[in-house]
Amino acid sequence: MCAEKKKFILDLPVKIILTEDGASSFISNKKKLLRIRLADNLEEYGVSMDKVSPMSIQSMILLDYISKIEISMPEFVTRRQEVMDLSKVIVFSILYKQFDREIYNSFIKCDIVRRHNRANPSQLIDEKTVMSDKQLRTQLSIKDNVIQMARQTILEPVWKSIMDNTEFTPEEKNVYLLMTEKFLNRLSLMNWYIITKFYKADGFNELLGILRQSLANYMEKSKVAEYISVMVMELALNAENTNIRKEARILYRGVENGDTLIYDPDIRAKIVKEMERKHELVFVSWKIGGGTAAIGKQGRLQITLYNKDDEFQEMKENIESKMSADLNKRSLIDFYRQMPDEAEGTDLGLYYLSYLEDACKKVNVKFESLVNQFTSTDLTVITLIFNF
């Protein structure tokens, strides 16, 4: 187990596609947007960069500014940690948002809030309430001491249960302690407004119970982030090795055992350089939620991984609209089971997939996987869908 990010900067070529709110914010700050062509050959507005800050990615996701993130490289093995860190940042950001939404949706159903609404019909706190950040900050600025006391009241029993849990290692205890703070730190201003408004009022214990139970639930859900990052990396490495083997057979025709070539660092580097020249890349994309208006889909994450080269015509339209008789559909586990015996990492992939499926079931995260193989080409499209 580890925290969701380790580095201040990730050395990755990233394409970020913006939501309408994100594009509006960039334009109002006089930042130029690009029309970016993605792996599915759709063009969307966003930004492209060679390095990215995990904190910036997280902040933009929390503001609903990002709809998709895509990276593409000929090989992933040298960027293993960066790719895993990016995946974890994305998953944790979605978890933070879901935590905040669940807290608010539960708060407005509490007796203490309903009593307030009946007594103050002109100051309703419900699903339609809209208060500007400026207004909320003004209200909270004079309640800093209440915020600190409320934090302590919320966290003390949670921390005690973590420290008293004999099943946790010292490292796990430290991570969980840090994680509870991270989730609270990312609560929206509106939720803090409710907490401070009713702090120590009759009925506040109901709000406390919601916060503590949700913290416990999301500490467990956070384990999924690690499994997802490992699974993404495993799939990327398998795709990378498939491409490298194919290119090795072209560059070194006549060599009896071409597989041995790819383990020579110099030869592998030469093969990777040739793949880059031909634009034979592995693409990984993260599609985040369904937008603020997509009811029930805000906690959705779709991860798509596939190979592509410049001459592949079948990708000219959106992948989703091309699901026709020209491909074979199956689950990811069937895909692994039907891989050739000599394919490296098959057992490892099944092992990771099993852990991921089990972890998702335990914490009520809906997970499905799909593999689409186009019969007229070697293209394999793998899709992982999570609903947090």
Legend entry - Number of the exception - Asp358 against (1) of a type in the set (Asp, Glu); (2) modelled with pLDDT of 70 or more; (3) not in a helix (DSSP H, G or I): (3)
Legend entry - Count of region 97-132 residues which are under 29 Å from Lys51 (Cβ atoms) and surrounded by fewer than 21 Cβ atoms within 10 Å (Cβ to Cβ): 2
Inset, instruction - Name the one entry in Glu247, Glu234 that is within 28 Å of Gln58 (Cβ to Cβ), touching a helix residue (DSSP H, G or I) at 6+ places or on another chain (Cβ under 7 Å), at pLDDT 80 or above and part of a helix (DSSP H, G or I). - result: Glu234
Legend entry - helices (runs of 4 or more DSSP H) fully within region 165-231 counting 2 or more residues that are modelled with pLDDT under 95 and over 14 Å from Phe99 (Cα atoms): 170-185
Inset, instruction - For residues that are among the polar types (S, T, N, Q), out of contact with any Phe, Trp or Tyr (no Cβ under 6 Å at 6 or more places or on another chain) and more than 30 Å from Ser354 (Cβ to Cβ), tally how many sit in region 185-226. - result: 4
Inset, instruction - Only residues that are touching a residue at least 60 places away in the same chain (Cβ under 8 Å) and under 18 Å from the mean Cα position of the chain (by Cα): list them for region 39-75, please. - result: Ile61, Leu62, Asp64, Ile66, Ser67, Lys68, Ile69, Glu70, Ile71, Ser72
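The values are calculated or read from the model by the stated rules, or taken from the named source; none is laboratory data. The structure presented is a predicted model; accordingly, all values stated were derived computationally and were not measured. Ideal geometry is used to build each Cβ from the backbone, glycine not excepted, and the neighbour counts take in all protein chains shown.
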